[in-house]
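Report on the following structure.
Values quoted throughout were computed directly from the atomic coordinates according to the rules given, and no laboratory measurement underlies them. Worth saying up front: this structure is predicted, and the values here are computed from it rather than measured. Cβ atoms come from the backbone with ideal geometry, glycine included; neighbour counts cover every protein chain shown.
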Amino acid sequence: MKKISFVFVILLVFITLFPVFAGKDEDFSVTYGMGNDSFTRGLSRNEDDFKSFGLYMDYEFKDYNIYLDLDAYTFKEEDYRYDFLTIGVLKTFSFDDYYTFCAGLGLQTKGKLGGQSMQNYLHKLTRITEVNIPYETDEYDFTVRASAEGYLDSVLSPYLYAHTGFDALVKAGIKLKTGASSSLYLTYSYDAFDTHGLNFRMESDYGFIYTDYETNFLSRYGYGIIAVNPFKKMNGNKTTVTGSEWMSDYGKYSMYEIRIPAGENITSFINVKYETGEVDHNVSVRKEDNWYTAGAGYTFFDRVELRAFAGAHYYEQRENNGIDNYTKPVFGLGARIKALEFFNIYLNAEAGVIWEREFHFFAGYSITI
């Protein structure tokens, strides 16, 4: 155990310091991220089980990617857990600007690798009940991991691809670009956990911030990643990706917003707010509180946006395999004011009224990049 921990410490020190020496190269970038099943995007359930926490590092240099993934898996009903650490290298080959092929080779370790400590530290910070489940074993399994992935550009379907990994994953699907920064995927996959079926994935690269979310239509299991890349510049695509504090009756929500120009000073948008997790710190009672709205905004003085929107509020509460839920229509009027601007990042103040069988006042903030 001590030898393995020492190797991991040395490895982490190396990959942390490596960007300092390589960061001046224009072809080099590094991405640090954290994953959690609470990043539901308002589309999946958060049971705080199975693959529920992860740390990710990805170093890109010319046509190579060096990556490290640490995933924490919990199995509450069976009362055991384990961690997966995967370290690998990917090499990318491009042919005639329409076909891309990636080949990878790495090492995967399964065992007690610190996932519980890191997960519970996050739970303490967010005031969520800790997940203390014994590890499956004190032994470690090592597996060589190989992968191959191909992408084909097409006029009718912007990106067709297939991905396969040794004893890990078989996946094929279609990727559709939804602007300069975002992509939507529809895939069919089968993996070593016998998890299979149709999946939906949303990936957005905003330069400095990267988000990746995937959910399985059959199991409604979802998992999301939020990462930062300090070597990339902000591209200022005006898409809200994080941060919203809705006061009065509405508590705290995560939010993302997709914005599409609809005319001079007019922007249409799709807005999703979601809150997920325990109810009153009771681990056996969980909820999904999701708001889905669409609307339009008119901007004047380049800083003030008047907004009108409509949609639905879906609430679901689960306890002892029982589910209570409801859906209510919502309508709202509000204003968003750009308060601060820094390197294409905007801090906005928001306020307005929303109707859901009765009128409520809301106020808060959002961060736009």
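For segment 36-124, trypsin sites (Lys or Arg not before Pro) are listed when DSSP marks them as loop and at most 13 other Cβ atoms sit within 10 Å of their Cβ; the list is 62. Taking the helices alone, the chain has a mean residue ellipticity at 222 nm of -3000 deg cm²/dmol, built from -39,500 (n - 2.57) per DSSP H run of at least 4 residues and averaged over all its residues. Centre-to-centre separation between the Cα atoms of segment 107-145 and those of segment 279-346: 33 Å.
Converting phi to 3J(HN,Hα) with the Karplus coefficients 6.51, -1.76 and 1.60 and the offset θ = phi - 60°, segment 207-219 yields x, 7, 10, 10, 10, 9, 9, 9, 9, 9, 5, 6, 8 Hz in sequence order, with x at every glycine or proline.
Any idea which of 347, 173, 325 is furthest toward the positive side of the dipole for the chain, if Lys and Arg beta-carbons carry +1 and Asp and Glu beta-carbons -1? Result: 347. Spin-label model, residue 188 to residue 285: label points 7 Å out along the Cα-to-beta-carbon direction sit 4.2 nm apart. Skipping prolines and chain starts, which residues have an amide H placed within reach, meaning under 5 Å, of the one on residue 231, given they are 5 or more residues away or on another chain? Amide H neighbours of residue 231, under 5 Å, 5+ apart: 30. Starting from the Cα of residue 319, step 7 Å toward the Cβ, then list every residue of segment 271-288 with an amide N under 17 Å from that point. Answer for segment 271-288: 277-288. In the chain, the alpha-carbon atoms span a convex hull of 160 Å³ per residue.
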